[in-house]
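Remarks on the structure that follows.
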Amino acid sequence: GLVKTKVGLLIVGLTNSGKSTVVARLTKEPVADVAPTVGFAVESVKVDGLSVTIFDMSGNSRYHELWKLYYKETTAVMFVLDAADQARFPEADAVLQELLKADQLKKVPLLFLCNKMDLDTAAKPAEVAAALHLPTATSRGFQLQSCSALRDEGIKEGMQWLLDQV
Ligand code: GTP
């Protein structure tokens with residue numbers, strides 16, 4: 001098949017979910033923390049020889065409208081959830097459903113990273129799936145991946161699945 005040399009990777013998640021830490025694991029380099037007030041940062045990195053553009057956006061709802069400007073360049077989506085922050089599951093659910101219904105992303109694979117699984121207080125993937133109404137059908141190209149960005153566990157596996165889809 002065709003080898004995609006340019007992947008537009010959109011990384012979405014609430015504030016503090018671990019997006020910057022995931023990016024750091026992908027780039028193998030420390031990433032300067034993005035101040036929540038800045039809204040979002042765009043950067044290009046090389047992952048396994050692929051050119052990946054990462055939109056690391058704040059979860060602040062005033063910026064959600066800005067996300068849509070990036071949808072047309074997006075060929076893969078990562079959604080990062082802090083699985084230990086159960087109080088904000090409804091907020092995360094709302095953001096995820098917004099992504100899932102976006103016409104421009106209907107054919108774009110979505111990797112759901114269930115992050116911070118190293119914490120005792122983290123919800124189990126099945127609980128997350130129920131609380132956030134995760135799609136069960138794989139037809140859309142949806143994958144749930146448990147991970148700990150902190151310990152660098154599960155990120156590579158998830159990224160490999162995502163790159164296999166594009
Ligand atoms: P914003 O820039 O505010 O949107 O945050 P972010 O989504 O980029 O999150 P960031 O990577 O800055 O991580 C937020 C906090 O969670 C930091 O203190 C991280 O060290 C911590 N963190 C990230 N991933 C994990 C994880 O897998 N486990 C644990 N225990 N902590 C994590």
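Here are some notes:
- In the stretch 128-136 there is at least one residue matching the filter, namely being within 16 Å of the ligand (Cβ to nearest atom), closer than 18 Å to D93 by Cα and at pLDDT 95 or above.
- In the stretch 9-35, the residues that are more than 24 Å from K68 (Cβ to Cβ) and near the ligand (Cβ under 7 Å from one of its atoms) reach residues that are at pLDDT 85 or above and not in a helix (DSSP H, G or I) with C-beta atoms within less than 7 angstrom, at least six apart or across chains, in these pairs: T21/A149; T21/L150.
- S58 within 12 Å of the ligand (Cβ to nearest atom), modelled with pLDDT under 85 and of a type in the set (S, T, Y): yes
- Pairs meeting the criteria (first residue in the stretch 105-134 and under 19 Å from W67 (Cβ atoms), second residue of a type in the set (G, A, S) and surrounded by fewer than 19 Cβ atoms within 10 Å (Cβ to Cβ), beta carbons under 7 Å, at least 6 apart or on different chains) are lacking.
- L150 in contact (Cβ under 8 Å) with a residue 60 or more places away in the chain, in contact with a strand residue (DSSP E or B) (Cβ under 9 Å, 6 or more places away or on another chain), closer than 17 Å to S17 by Cβ and not in a helix (DSSP H, G or I): yes
- When residues of the stretch 99-122 are limited to those that are over 30 Å from R151 (Cβ atoms) and not polar (S, T, N, Q), the one surrounded by the most Cβ atoms within 10 Å (Cβ to Cβ): A102
- Count - residues of the stretch 93-114 that are part of a helix (DSSP H, G or I), among the charged types (D, E, K, R) and at pLDDT below 90: 1
The values are calculated or read from the model by the stated rules, or taken from the named source; none is laboratory data. What you see is a predicted model; the values in this text were computed from it and never measured. Cβ coordinates were reconstructed from backbone atoms using ideal geometry, including for glycine residues, and neighbour counts include every protein chain displayed.
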